[in-house]
Amino acid sequence: MTRGEGGGAAGRVLTDDARADGDEAPAAAEEQATTTRPEGDERRRRWRGRRATRPGRPRWPFLGVVIGSVLLALTGGVLLYQAHELRTAPAADNRALTDVEATTRVDGDVSSALAKVFSYTPGGTDATERSARTVLSGRAARQYTQLFAQVRENVRSQRVTLTTQTVRVGTVSLRGDTAHLLVFLDQTARRGSKKPTTSAAQLSVTARLHDDVWQIVDIKAR
């Protein structure tokens with residue numbers, strides 16, 4: 001082999017080796033990429049798994065506070081609206097719905113008055129009439145005077161005793177110095193030595209405050 005031929009052969013060998021190296025380099029790079037990609041994917045999957053299993057934290061930590069504030073605001077608004085309606089409604093003038101002390105006093109005065117004027121004995125009619133003059137007024141006083149004049153003689157001649165007890169009383173309305181009540185009574189009557197009889201009565205009563213005392217001004221049987 002001549003030097004030229006040797007140089008040419010060597011050149012071809014180097015060229016072939018370079019080509020082989022060149023062909024092998026992409027293959028090696030591709031193989032390396034192929035072998036490293038699954039490892040990278042595996043790391044990403046593990047990272048996502050750890051993130052998914054991490055203790056949950058609220059995505060919006062302020063959301064509960066906001067909802068609570070909104071609910072409180074809505075509740076407060078409803079209560080204010082209801083209070084406004086109560087103050088502006090006609091029922092707000094009715095103290096029977098709001099003033100327990102005043103209502104209790106009306107109930108007591110009217111109950112006591114009815115027990116006095118509708119309770120009598122054969123020898124106590126004068127005392128009953130005196131009581132009526134202090135607790136009755138207006139139309140109720142006039143009606144009672146006419147009625148009692150008719151029964152006075154029967155009470156004495158037939159020895160009638162009448163006892164009245166208030167079973168239940170309720171003030172329906174209380175405005176200013178006027179009250180309207182619904183009253184349920186139990187009345188027990190005895191004639192001489194006969195067996196007593198008991199009956200019930202239901203009355204609508206109107207009372208008016210006079211000299212710091214509730215007087216009955218109208219009585220209607222129901």
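Quick rundown of the values:
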read-out: Criterion violated by Val110 - all others in (1) more than 26 Å from Gln158 (Cα to Cα); (2) without any contact (Cβ under 8 Å) to a residue 60 or more places away in the chain satisfied; value: (2)
read-out: Some residue of the range 158-174 being under 19 Å from Ala140 (Cβ atoms) and basic (Lys, Arg); value: no
read-out: Val205 being modelled with pLDDT of 95 or more and under 25 Å from Thr121 (Cβ atoms); value: yes
read-out: Residues that are open to solvent by less than 90 Å² (accessible area, probe 1.4 Å) and in contact (Cβ under 8 Å) with a residue 60 or more places away in the chain, drawn from the range 173-199; value: Ser173, Leu174, Ala179, Leu181, Val183, Leu185, Gln187
read-out: From Gln146, Gln165, Gln202, residue being open to solvent by 90 Å² or more (accessible area, probe 1.4 Å), without any contact (Cβ under 8 Å) to a residue 60 or more places away in the chain and under 30 Å from Asn94 (Cα atoms); value: Gln165
read-out: Among (1) more than 19 Å from Ser112 (Cα to Cα); (2) open to solvent by less than 30 Å² (accessible area, probe 1.4 Å); (3) without any contact (Cβ under 8 Å) to a residue 24 or more places away in the chain, the one test that Asn154 misses; value: (2)
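The values are calculated or read from the model by the stated rules, or taken from the named source; none is laboratory data. Model, not experiment: these values are computed from the prediction. Positions of Cβ are backbone-derived with ideal geometry, glycine not excepted, and every protein chain shown enters the neighbour counts. What goes into the accessible areas is simple: the full protein's heavy atoms, side chains included, and nothing from ligands, DNA or RNA. Shrake-Rupley method; radii C 1.70, N 1.55, O 1.52, S 1.80 Å.
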